[in-house]
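> Here's a structure for you.
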Amino acid sequence: MGLSVYLSGEIHTDWREQIISGAQGLDVHFSAPVTDHAASDDCGVAILGAEDNKFWHDRKGAMVNAIRTRKGIEEADVVVVRFGEKYRQWNAAFDAGMAAALGKSLIILQQPDHDHALKEVDAAALAVTRTPQEVVQILRYVLTGTLPD
């Protein structure tokens, strides 16, 4: 049994790399949004043409990025959503809601100081984790039935 895992959320730290590295040897396929912040912000205008108004600039980018995001979430068995410390990730909350609405197995990765603000998101999740290593341990358990040492 293999798993397809979509890694959504915060793009400013290496949490994705930690999970991917920790899952070496497991039958897991990972996908994610574009994590190059500038490319993600500017993809719409780079492909569809410039916009003078920042609202339309951002909207074009959001719509183009949504094609990748929807595909990744729809095809995933498990969706991991990371809420970072520095920025508000409204898009991450949206992705978590979409995954929950689609009945996807949802793992949230967040720090304790976000517990109250994310209580509804957390209630939709099957696990709320604090570290990338906990996410890897869940994936390992799901695939092999083994507990951490």
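> Could you give the length gained by full extension between D52 and F94, i.e. 0.36 nm per residue of separation minus their alpha carbon distance, to one decimal place? Walk me through the numbers before you get to the answer.
Values: separation 42, 0.36 × 42 = 15.12 nm, distance 2.67 nm.
Extra length from D52 to F94 when fully extended: 12.4 nm.
> Further question: For segment 68-128 and segment 10-52, compute the distance between their C-alpha centroids and round to whole Å.
Each part reduced to its Cα centre gives a spacing of 15 Å.
> Moving on to the next point. Sort out the exposed loop trypsin sites (Lys or Arg not before Pro) in the chain (DSSP loop, at most 16 other Cβ within 10 Å) and tell me the longest stretch that has none.
Working: sites that count: K86, R88, R130.
After excluding every exposed loop site, the longest remaining stretch is 1-85.
> If you don't mind, there's one more thing I want to ask. Just to check, using Stokes-Einstein with a Kirkwood Rh over alpha carbon pairs, what's the diffusion coefficient of segment 87-149 at 20 °C and 1.002 mPa s in µm²/s?
Once the numbers are plugged in, D ends up at 171 µm²/s.
> If you don't mind, another one. Looking at segment 65-149, which GluC sites (Glu not before Pro) are in a loop (DSSP not H, G, I, E or B) and have at most 12 other Cβ atoms within 10 Å?
Values: sites: E74, E75, E85, E120, E134; in loops: E85.
Loop-located and lightly packed - E85.
> Note the direction-averaged projected area, equal to a quarter of the hull surface, for the Cα convex hull of segment 1-47, in nm².
Values: hull surface 16.0 nm².
Result: 4.0 nm².
> Quick check: the angle from helix 37-48's long axis to the longest principal axis of the chain, C-alpha only, nearest 10 degrees?
Its long axis makes an angle of about 50 degrees.
> Also: Mean 1/r over all different Cα pairs, inverted: what Kirkwood radius does segment 20-110 give, in Å?
Numbers: mean 1/r = 0.0686 Å⁻¹.
It works out to 14.6 Å.
> Starting from the residue with the highest accessible area, list F30, F55, F94, F83 in decreasing order, probe 1.4 Å. Each step should come with its number before you reach the end.
Values: F30 45, F55 120, F94 145, F83 10 Å².
Accessible-area ranking of F30, F55, F94, F83, largest first: F94, F55, F30, F83.
> So what is the calculated 222 nm ellipticity per residue for the chain, using -39500 (n - 2.57) for each DSSP H run with n of 4 or more, over all residues, to the nearest 500 deg cm²/dmol? Can you show the working numbers first?
Details: 6 runs with 73 residues, N = 149.
Only helices count here, giving -15500 deg cm²/dmol.
> Further, regarding this structure: Want the number for V142 to E75: 0.36 nm per residue separation, take away the alpha-carbon distance, what's left? Walk me through the intermediate numbers first.
Details: separation 67, 0.36 × 67 = 24.12 nm, distance 1.79 nm.
Extra length available between V142 and E75 comes to 22.3 nm.
> With angles folded into 0 to 90 degrees, how steeply does helix 90-101 sit against the dominant principal axis of the chain? Use alpha carbons for both and round to 10.
60 degrees
> On a 0 to 90 degree scale, rounded to 10, what angle separates helix 54-75 from the longest Cα axis of the chain?
30 degrees
The values are calculated or read from the model by the stated rules, or taken from the named source; none is laboratory data. Treat the numbers as computed from the prediction; the structure is a model and nothing was measured. A quick note on method: Cβ atoms are made from the backbone with ideal geometry, for glycine too, and the neighbour counts reach across all protein chains shown. In case anyone asks, the SASA skips ligands and DNA or RNA and just uses the protein heavy atoms, side chains included. Shrake-Rupley method; radii C 1.70, N 1.55, O 1.52, S 1.80 Å.
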